[in-house]
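Report on one structure; see the data block that follows.
The values are calculated or read from the model by the stated rules, or taken from the named source; none is laboratory data. This is a predicted model, so every value here is computed, not measured. Here the Cβ is made from the backbone with ideal geometry for all residues, glycine too, and neighbour counts use every protein chain on show. In case anyone asks, the SASA skips ligands and DNA or RNA and just uses the protein heavy atoms, side chains included. Shrake-Rupley method; radii C 1.70, N 1.55, O 1.52, S 1.80 Å.
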Amino acid sequence: MRRYAADISSLAEEFQQRFRDFAAIEKEITLFPSPFSVDPDDAPDHLQLEPIELQCGAECRSRHQQLPLVDFYRQLDNGRFQEIRTFAKKMLSLFGSTYLCEKTFSVMNINKNRLRTRLSDSHLRDILRIKTTVFEPDLAYLLQSRSQYHPSH
């Protein structure tokens, strides 16, 4: 019982530390997905002017509602919104790597469970490589070349 108490205490401390880390950047985390509903005074000093300019533009507000968040920040004029674009890249890298990690483990678990008896480490590595890249294989070519080598199939 004492062994588990020490482990649980250690985990609790780790969670508290992680939440303290997020609390330190809470205003930035709030600004990132909703720059139109945040008080510019709550933004970091170097960003305060750009959210004001964003919030004054009906066209920017419309694009924010219509576009995915990544595309919204990507289409902002780099000359007028350089600081907020840099800020968005920082937030995207912070949460983007988390998303990719979760996506990778999700793919790995789905394939491992579905194909448990036939899946080797080599197969799993290949599946992960395929699922985490944007490579589009030329299936018609692959099937055609395979049929040339194996005419009986």
With the crude spin-label approximation of a point 7 Å out along Cα→Cβ, what separation in nm comes out for residue 41 versus residue 83?
1.7 nm
A chain fully extended from residue 128 to residue 145 at 0.36 nm per residue, minus the present Cα-Cα distance, gains in nm 3.7 nm
Which value, in Å² and to the nearest 10, is the accessible area of residue 122 when all protein chains are kept and the probe is 1.4 Å?
60 Å²
Once R0 is set to 22 Å, what does the formula 1/(1 + (r/R0)^6) return for the Cβ-Cβ distance between residue 56 and residue 30, expressed as a FRET efficiency to the nearest 0.05?
0.65
By accessible area with a 1.4 Å probe, ligands and nucleic acids excluded, highest first: order of 29, 130, 52, 84
130, 52, 29, 84
Could you rank 13, 50 by how accessible they are, 1.4 Å probe, largest area first?
13, 50
Could you report the accessible area of residue 53 in Å², rounded to 10, computed with a 1.4 Å probe on the protein chains as they sit in the structure?
70 Å²
So, with points 7 Å from each Cα along the Cβ direction, the residue 70-residue 16 label distance in nm works out to 3.7 nm
In what sequence, largest accessible area first, do 14, 26 appear using a 1.4 Å probe?
26, 14
Ignoring everything but the protein chains, give the 1.4 Å probe accessible area of residue 45 in square angstrom, nearest 10.
130 Å²
